[in-house]
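Novice: Next up is a structure, given as structure tokens.
The values are calculated or read from the model by the stated rules, or taken from the named source; none is laboratory data. All of these numbers come straight from a predicted model, not from anything done at the bench. Here the Cβ positions follow ideal geometry from the backbone for every residue, glycine too, while neighbour counts run over all protein chains shown. Note: accessible area is taken over every heavy atom of the protein model, side chains too, but ligands, DNA and RNA are not part of it. Shrake-Rupley method; radii C 1.70, N 1.55, O 1.52, S 1.80 Å.
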Amino acid sequence: MRRRRLLTAGTILGLAGCVSVPQASSPSSDQLLQEALETRRTLSTLETRRRMVMETPTETTERLDRLIQRPPGEQRLDVLESDDPDVVPGAVSVRSRTLTSEYNPETNIVTERHHPNRLVIDRMRQVLESVRTEYDLSYAGLETVDGRETHRIDAHPDDDTIDGRSIDLLIGETVYRIPFDGFSSEELADATVERSVWIDDEHRYPIRERDTVSSEDGILHRVTVTSEDLTIDGGLEQGTFRYDPPAEAEVVTIGTEPEGVYETRSEAAAVVPYDLPDPSMPDPFVLDRVTVVEHPDGYRTTLWYTDPDAAGRELFLAVRETQRFNPSALEQTTLEFDGQPVYRRDGRIESLFWTCDGLSFELSSPTADLELETVATSVGCS
């Protein structure tokens with residue numbers, strides 16, 4: 001493990017190339033982030049080598065991963081190199097829509113987590129949005145990163161203090177835990193955050209970010225993440241997001257394995273003991289899949305609808321045999337179906353809940369521009 005002293009908040013890793021002074025015709029920081037969001041929204045696949053460098057006043061650690069994504073639900077990460085004791089070379093994490101498999105070569109254990117009804121949020125889009133809305137932005141000019149011309153944006157949070165002990169990284173959708181052990185409460189109370197993002201000029205996509213936590217005495221922590229050999233919308237090998245455990249590995253299973261994942265309503269309807277609704281969806285949403293899970297209190301069927309032109313834009317309608325929502329914790333709407341009120345939950349995910357004829361319904365989506373009431377009305381007490 002390499003060690004070196006970080007002297008000032010202005011110390012630079014030396015990973016970037018030449019810097020040019022921004023011109024009057026340079027794109028605005030907000031425009032660049034908007035274009036990065038649009039690229040993320042419309043891309044089909046992404047493949048890169050992700051290099052992470054973590055620095056404190058006493059040490060530097062580094063890891064190199066191979067990262068493949070089909071946003072928002074599918075991802076494969078292979079750890080190629082690492083001197084971080086918590087992340088060993090050879091570790092693998094493969095996530096599909098319904099299953100995440102993680103392999104630890106030190107223990108030779110594969111953990112399989114079933115999540116057939118997990119609403120997958122595109123974390124990178126969330127972080128880009130937060131940088132746009134919660135930071136003061138400044139355009140810092142052109143730099144060369146991994147042989148690509150990039151636009152650097154410096155960002156300072158509106159509330160220039162430490163919020164929690166983690167950083168949501170843009171590149172790879174990773175939540176990185178900041179090692180603040182050993183720093184006094186006074187140092188942390190006075191600490192500030194600075195964030196820099198490099199947007200590739202060709203693709204308008206983030207390929208580097210640097211997050212620096214500093215006090216009056218210098219840098220407390222800094223993490224730099226760089227995409228190398230970035231490929232957007234390239235071809236992927238079949239089975240990229242399926243993991244076959246090593247022959248001698250121990251497999252530990254967590255969560256409930258679904259009864260089935262079906263392409264059509266009719267296939268799922270043949271399994272469950274109740275009729276399935278056929279809601280009217282706004283264009284361009286189409287049925288993507290239907291998951292059926294048997295619980296001790298009955299079957300849950302979830303119909304998933306996606307926008308085929310926008311990764312991560314989806315909603316679902318879940319049907320249960322048992323009511324799982326608490327009306328007293330929700331807002332009652334003006335909608336009623338057969339005299340039964342419809343309740344709303346706002347937040348990161350907007351949801352509507354109601355019951356009819358012994359069944360419980362939930363309609364949910366993280367997409368704020370959808371009129372869920374219209375979709376719910378098309379279901380009613382069907």
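Novice: Just to make sure I understand: if all protein chains stay in place, what is the order of His115, His295, His221 by accessible area at 1.4 Å, largest first?
Specialist: His295, His115, His221
Novice: Quick one: grab Rg to one decimal and Dmax as a whole number for the chain, Cα atoms only, in Å.
Specialist: When restricted to Cα atoms, the chain yields Rg and Dmax of 23.5, 70 Å.
Novice: Follow-up question, since we're still on this one. Hey, quick one: spin label on Glu129, modelled 7 Å out along Cα-Cβ, who in segment 70-84 has an amide N within reach, i.e. under 16 Å?
Specialist: 72-73
Novice: What is the distance, in nm, between label points placed 7 Å from the Cα along the Cα-to-Cβ direction at Arg41 and at Asp217?
Specialist: 4.6 nm
Novice: Taking the solvent-accessible surface of protein heavy atoms with a 1.4 Å probe, what is the per residue accessible area of segment 29-232 in Å²?
Specialist: Per residue, segment 29-232 has an accessible area of 40 Å².
Novice: State, to one decimal in nm, how far the label point of Thr333 lies from the label point of Asp136, with both points 7 Å from Cα in the Cβ direction.
Specialist: 4.1 nm
Novice: So for the pair Ile254, Glu62, with labels modelled 7 Å out along Cα→Cβ, what separation do we get in nm?
Specialist: Spacing of the two 7 Å Cα→Cβ label points: 3.2 nm.
Novice: For Arg118 and Leu287, compute 0.36 nm times the residue count separating them, minus their Cα-Cα distance, and round to one decimal in nm.
Specialist: Value of the extension gain: 59.2 nm.
Novice: Can you pull the accessible area of Phe241 for me, 1.4 Å probe, Å² to the nearest 10?
Specialist: 30 Å²
Novice: Let me spell out the model: positive unit charges on the Cβ of Lys and Arg, negative unit charges on the Cβ of Asp and Glu, origin at the Cα centre of segment 258-379. What dipole size does that give, in debye rounded to 20?
Specialist: The calculated dipole for segment 258-379 is roughly 340 debye.
Novice: Right, here's the next one. So if R0 is 51 Å, what FRET efficiency would Glu267 and Asp201 give, r being the distance between their Cβ atoms, rounded to the nearest 0.05?
Specialist: For Glu267 and Asp201, the calculated efficiency is 0.65.
Novice: Could I ask something else about it? On full extension of the chain, what length is gained from Asp309 through Asp297, given 0.36 nm per residue of separation minus the C-alpha to C-alpha distance?
Specialist: Length gained between Asp309 and Asp297: 0.6 nm.
Novice: Here's a follow-up. Between Glu228 and Glu106, what is the FRET efficiency for a Förster distance of 22 Å, r being their Cβ-Cβ separation, to the nearest 0.05?
Specialist: 0.25
Novice: Could I ask something else about it? For the chain, with the dipole built from +1 on Lys and Arg beta-carbon atoms and -1 on Asp and Glu ones, taken about the Cα centre, which of Trp198, Trp354, Leu67 lies farthest toward the positive end?
Specialist: Towards the positive end, the residue furthest out is Leu67.
Novice: If you wrap segment 258-379's Cα atoms in a convex hull and average its projection over all directions, what's the area in nm²?
Specialist: The directionally averaged projection comes out at 7.6 nm².
Novice: Please list Asp229, Asp146, Asp217 in order of solvent-accessible area, largest first, computed with a 1.4 Å probe with all protein chains present.
Specialist: Final ranking, largest accessible area leading: Asp217, Asp229, Asp146.
Novice: Do the sum for the chain: with -39,500 (n - 2.57) for every DSSP H run of n ≥ 4, divided by all residues, what is the mean residue ellipticity at 222 nm, to the nearest 500 deg cm²/dmol?
Specialist: Here the helix-only value at 222 nm equals -3000 deg cm²/dmol.
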